[in-house]
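Participant: Sending over a structure as structure tokens; questions will come in a sec.
Coordinate-derived values only; no laboratory data. Just so we're clear, the structure is a prediction, and the values are computed from it rather than from any experiment. Every residue, glycine as well, gets a Cβ built from its backbone with ideal geometry; the counts of neighbours run over all protein chains shown.
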Amino acid sequence: MYSRNEFLKKATNADEKLIISKVIDRINLCIKRHEMTFTDFLNPTETAFVYDLIKGITDVNFMIFGGSDECERNMIGFSPEYMEISESDFPIMAIKVKRNIKFSSELSHRDYLGSMLGMGIERDKTGDIFIFDEYTILFVSESISDYIGTNLTKVGRTSVKTEVLPISNVDMPKKNIVEKRSTVSSMRLDSIIGSALNMSRGKAQDYIKAMKVNVNWSLVSSTSHIVKEGDMISVRGKGRFKIGEEGRMTKKDRMGVTFLMYV
């Protein structure tokens with residue numbers, strides 16, 4: 001069992017203390033009862049904070065998932081070290097929302113979120129909202145899915161119809177992944193971001209110093225951080241990409257690298 005007080009020493013504010021307390025409770029419950037446990041939905045900053053907190057823990061397995069690979073808001077699931085955890089284990093359901101496109105105006109992310117919060121639902125019970133041409137997908141905690149499915153009849157002033165679906169039945173349009181080949185002077189984070197996103201190294205350093213860059217769920221503030229093949233990098237407001245295969249050195253001492261760009 002893990003001491004909550006030891007982990008609380010890593011908190012810098014009241015919000016972090018609350019997150020730590022909840023996460024350690026989930027971990028200890030997992031160990032005590034030999035069963036899977038899950039956090040509520042966390043935003044990207046909270047997810048990165050928790051990941052740094054638990055990445056060295058060996059007594060449990062953990063997985064980060066929000067209903068789809070595209071999600072920014074995620075739950076973290078824990079399982080005993082002898083038990084595998086998968087996406088299908090997460091207590092997440094999808095609400096498919098349809099409106100009459102011909103006779104209603106466009107609805108925004110804020111409209112959908114506001115309607116759910118207006119029903120008395122807490123933000124940490126709701127995940128990402130994906131708006132497509134013909135329908136919208138709301139990822140929510142399983143515990144409130146039936147309530148939303150029954151009571152969400154309007155978004156703003158627009159009448160809607162809902163359908164509660166297991167996440168395995170959700171038809172999510174796939175994001176395109178474009179392969180981009182380039183060369184870099186090194187595998188430093190600033191060099192990689194500059195090459196992948198077509199910006200100067202100085203501009204890339206500005207994003208890193210402004211705490212807008214995550215590498216594998218962790219916020220990175222060092223411009224000289226070394227990345228490697230398989231790392232997922234996200235730059236707030238600019239996009240995300242994965243480091244593909246590292247190539248050979250060129251005659252000009254530059255390294256070939258492949259970027260998998262999410263567009």
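Participant: Averaging over all projection directions, find the projected area of the Cα convex hull of the stretch 133-181 and quote it in nm² with one decimal place. The partial results should precede the final answer.
Facilitator: Numbers: hull surface 21.5 nm².
Result: a mean projected hull area of 5.4 nm².
Participant: Which angle between 0 and 90 degrees, to the nearest 10, do you get for helix 142-151 versus the longest principal axis of the chain when only C-alpha atoms count?
Facilitator: Roughly 50 degrees between the two axes.
Participant: While we're on this one: Restricting to DSSP H runs of at least four residues, report the calculated mean residue ellipticity at 222 nm for the chain, -39500 (n - 2.57) per run over all residues, nearest 500 deg cm²/dmol.
Facilitator: Numbers: 7 runs with 72 residues, N = 263.
Counting only the DSSP helices, I get -8000 deg cm²/dmol.
Participant: For the stretch 156-263, take N as its residue count and report Rg(C-alpha) divided by 2.2 N^0.38 Å. List each step's numbers first, then the result.
Facilitator: Working: Rg = 17.7 Å, N = 108, 2.2 N^0.38 = 13.0 Å.
So the stretch 156-263 has a normalised radius of gyration of 1.36.
Participant: State the Kirkwood hydrodynamic radius of the stretch 65-128 in Å, one decimal place, computed from all pairs of distinct Cα atoms.
Facilitator: Computed over the stretch 65-128, the radius equals 14.3 Å.
Participant: Oh, and also: Over the alpha carbons of the stretch 1-128, what is the largest minus smallest coordinate on each principal axis, giving the biggest first in Å?
Facilitator: 57, 33, 23
Participant: Using the charge dipole of the chain (Lys, Arg: +1 at Cβ; Asp, Glu: -1 at Cβ; taken about the Cα centre), state which of Ile57, Ile121, Gly230 has its Cα farthest towards the positive end.
Facilitator: Positive-most Cα among the choices belongs to Gly230.
Participant: Taking all pairs of different Cα atoms in the stretch 202-263, averaging 1/r and flipping that mean, what Kirkwood radius in angstroms comes out? It would help to have the intermediate numbers written out before the result.
Facilitator: Details: mean 1/r = 0.0800 Å⁻¹.
Value: 12.5 Å, from the Cα pair sum.
Participant: In cubic angstrom, how much convex hull volume per residue do the alpha carbon atoms of the stretch 58-213 span? Don't jump to the answer; show the numbers that get you there.
Facilitator: On the way: hull volume 29.0 nm³, N = 156.
Spelled out: Cα convex hull of the stretch 58-213, divided by residues, is 186 Å³.
Participant: Additional query: To one decimal place, what orientation-averaged projected area in nm² is obtained for the convex hull of the Cα set of the chain? Could you put the intermediate results ahead of the total?
Facilitator: Numbers: hull surface 66.2 nm².
Mean shadow area of the hull around the Cα atoms is 16.5 nm².
Participant: Could you tell me the distance between the Cα centroids of the stretch 173-232 and the stretch 1-38, to the nearest Å?
Facilitator: The stretch 173-232 and the stretch 1-38 have Cα centres spaced 31 Å from each other.
Participant: Here's something else I'd like to know. Which value, in Å to one decimal place, does the Kirkwood hydrodynamic radius take for the stretch 1-73 when every pair of different Cα atoms is included? If you can, show how the numbers build up before the last one.
Facilitator: Working: mean 1/r = 0.0776 Å⁻¹.
After inverting the pairwise mean of 1/r, the radius is 12.9 Å.
Participant: May I ask you to order 135-142, 117-124, 155-162 by the average number of other C-beta atoms within 10 Å around their residues, highest value first?
Facilitator: The most tightly packed comes first, giving 135-142, 155-162, 117-124.
Participant: Which number gives the lysine pairs in the stretch 57-215 that have C-alpha atoms under 23 Å apart and are eight or more places apart or on different chains?
Facilitator: Final tally of qualifying lysine pairs is 18.
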